[in-house]
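Before any comments, here is the structure.
Derivation of every value follows stated rules applied to the coordinates shown; laboratory data play no part. Keep in mind it's a predicted model, so treat the numbers as computed, not measured. Glycine gets a Cβ as well: all are built from the backbone with ideal geometry, and neighbour counts include every protein chain shown.
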Amino acid sequence: MSKKWQVLAERMRGTGKFMESRITPTSLMQAYQQNKSVLIEDQYEIVAYAGVWSTPDPRWLEFGAIWVSDERRGNRISSQMYVERMKLVPSGYSVCSITSSDQAAHLALKHGFVEVGRDEWFRAVPSVVSCGPCDRDIPGGYNYKLHCPYRAERRPDIGICRMFIKTF
Ligand SMILES: CC(C)(COP(=O)(O)OP(=O)(O)OC[C@H]1O[C@@H](n2cnc3c(N)ncnc32)[C@H](O)[C@@H]1OP(=O)(O)O)[C@@H](O)C(=O)NCCC(=O)NCCS
C-alpha cells in the first residue's frame, strides 16, 4: 500500500471527527478504489477526501468523512468535493449525512439536502442507517427512540448531531 493512505489516515484521525473504522488506511483506499469516495491529490499527497458509505439498508447511502488538509482550508474545496461526491450516487438512492460540524451542515443545505428534525429522525431514515438496530431495552419502546438518551452517550465528545437527507 502506498504511504499516502497512511498519511491521510493519520491526518484525518488527528481531527478526532471521524469513526475510526472508516479512516483506516485500508478503508480509505478501498473506498476510493470502489468508487465510494472522491479525493484531491497534490504530488503524492492526498489533500482532500470525502466518502460515500454503504449502509445496511440497500436504498440508503451515507455521506461522511469529508476532510481538507489544514493548509488548504478556507478555499471552498469541500464544496467542490461535495459536488463530485454527489456524482457517485446512483439515481433512486437516498443519502443521509449526520454531522456536528457547522461547515458540513452548511454544505449539506447548500447542495440540496434537507434537515431532519430530531423528532422525525427515525421516521425519515431507517434506524439501521443512522445508528444501527437498537440493542437497548428502552422504556417506551421504539417511539421513545426518537428522543433516545443514549445517542448523546455514544459520542459525548462531538456534541449535538444534525441529520440531513436527499433523494437522488
Ligand atoms: C469541514 C472542512 C472539510 C471544510 O473545509 P473547507 O473546504 O476548507 O471549508 P471552507 O472554509 O471553504 O468552508 C466550507 C463552507 O462552509 C462555510 N462555513 C465556514 N464556516 C462556517 C460556519 N462556522 N458555519 C457555517 N458555515 C460555515 C463556508 O462559507 C463554506 O461555504 P461556501 O462554499 O458556501 O462559501 C474542514 O474544515 C475539515 O477538514 N475539518 C476537519 C474535519 C471535519 O470536521 N469534517 C467534517 C466532519 S462531518
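Structure values in brief
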| item | result |
| --- | --- |
| Packing rank of 41-54, 83-96, where each peptide gets the mean count of other beta carbons within 10 Å, highest leading | 41-54, 83-96 |
| Whichever lysines have a C-alpha closer than 21 Å to that of Lys166, once near sequence neighbours (fewer than 8 apart) are set aside | Lys36, Lys87, Lys110 |
| Least to most buried among Met1, Met163 (fewest other Cβ within 10 Å first) | Met1, Met163 |
| Distant-in-sequence amide H partners of Leu61 (H built 1.01 Å from N, under 5 Å) | Ser94, Val95, Cys96 |
| FRET efficiency, Met1 to Arg123 (Cβ-Cβ, R0 30 Å, nearest 0.05) | 0.10 |
